[in-house]
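The values are calculated or read from the model by the stated rules, or taken from the named source; none is laboratory data. Given the structure is predicted, the values throughout are model-derived calculations rather than measurements. Here the Cβ positions follow ideal geometry from the backbone for every residue, glycine too, while neighbour counts run over all protein chains shown. What goes into the accessible areas is simple: the full protein's heavy atoms, side chains included, and nothing from ligands, DNA or RNA. Shrake-Rupley method; radii C 1.70, N 1.55, O 1.52, S 1.80 Å.
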Amino acid sequence: MKNDPGRALIDKCFRELPVFRNLSDAHLTQLSRDFITQHVKKGEVIFYQSDVSNDLYIVLEGSVRASLMGEGGEELILTTFNKGDFFGEMSLLDGKPRSATIIAEEESMLGVLKRERLLRAIKNDPVIAIDLLSAVVQRLRMADSMIESLAFLDVSERVVKLFLQIARTTGEKDKNGFFRIKRLTHKELASHTGASREAITKVMKVLAFRKIIREEENYFLISPDAEKIAEKAI
């Protein structure tokens, strides 16, 4: 275990996760040791919606997405978890089946904690439960925001809002104020926004014409004016 790179990543992530920030060093060390590592390939399903499992996961390397899958194979992407993010807390807390399907966006390394180990840690350090509930509430607020977008925003507004969310979390700003984000396919944009691929194609043409976005090899460049545009219908 001494030279296990996964173990080193778990120890590092633990120090940075808000949900464990109030743990004593002794409890932090013990909980860190209770995690095991899991490698997943791009496109691999970590668990399916309605699966009966209740482990907690931390993304140590790579990224995964949480999605709702339709009977016809259509996908609605709820969110993406990147390095340092955790997921699976809802089933961990209530013991009920998974509420979404989790799929690896790229080759990733995960830290996995069994439910009984975390419940034991909570008994030793109850403040963990408060921080965990705070994280759950934040996720619920994000879900409310997504529902609001689907209900009240047109496709162009949803796309711009998505670009801005990605820009704020993983984007890099250039000297002209443009955000540079990873390029998404029209299929991926449709899955993220709950729109059809045809609608996405039309919207992307309009956004490009209005110079709100610019495509550059494997990236999108998002105009600094996107914030203003997102506040009104395009």
(request) For the chain, report the translational diffusion coefficient in µm²/s to the nearest whole number, using Stokes-Einstein at 10 °C, 1.306 mPa s, and a Kirkwood Rh over Cα pairs. (result) 82
(request) Please give the FRET efficiency for H27 paired with D94, using the beta carbon to beta carbon distance and R0 = 25 Å, rounded to the nearest 0.05. (result) 0.60
(request) Bin all alpha-carbon pair distances of region 94-214 at 5 Å intervals from 0 and give each bin's fraction as a whole percent. (result) 2, 8, 13, 17, 17, 14, 11, 8, 6, 3, 1, 0
(request) Please name whichever of P126, V112, F209 sits farthest to the positive end of the charge dipole of the chain, dipole taken about the Cα centre and charges placed at Cβ: Lys and Arg +1, Asp and Glu -1. (result) F209
(message) Given R₀ = 41 Å, what would the calculated FRET efficiency be for E227 paired with H39, taking r from the Cβ atoms and rounding to 0.05?
(response) 0.60
(message) Using C-alpha positions alone, give me the convex hull volume of region 156-234 per residue in cubic angstrom.
(response) 84
(request) Binning at 5 Å from 0, report for region 1-78 what percent of all alpha-carbon pair distances ends up in each bin. (result) 3, 11, 20, 20, 17, 14, 8, 5, 2, 1
(request) Determine the relative contact order of the chain: mean sequence separation of Cα pairs under 8 Å and six or more apart, normalised by residue count, in whole percent. (result) 19
(request) For T79, enumerate residues with amide H under 5 Å from its amide H, sequence gap 5+ or separate chain, H modeled in the peptide plane. (result) A66
(message) Quick check for me: using +1 on Lys/Arg Cβ and -1 on Asp/Glu Cβ, what's the dipole size of region 1-141 about its Cα centre, in debye to the nearest 20?
(response) 460
(request) State, in angstrom, two size descriptors of region 21-60 derived from its alpha carbons: Rg to one decimal place and Dmax to the nearest whole number. (result) 13.7, 37
(message) Using DSSP H assignments, which helices in the chain have an axial alpha-carbon span of 20 Å or above and a mean Kyte-Doolittle hydropathy of -1.0 or higher?
(response) 127-152, 155-170
(message) Using protein chains only and a probe of 1.4 angstrom, how many square angstrom of I166 are accessible, to the nearest 10?
(response) 30
(request) Enter the accessible area of R197 (Å², nearest 10), with the probe set to 1.4 Å and all protein chains included. (result) 140
(request) Kindly sort D25, D125 by accessible area of their heavy atoms, largest first, with the probe set to 1.4 Å. (result) D25, D125
(request) Kindly flag which residue pairs out of K42/K202; K41/K83; K173/K211; K42/K161 have an alpha-carbon separation exceeding 18 Å in this structure. (result) K42/K202; K42/K161
(message) Suppose the chain between V127 and S145 were pulled fully straight at 0.36 nm per residue; how much longer would it get relative to their current alpha carbon spacing?
(response) 3.7 nm
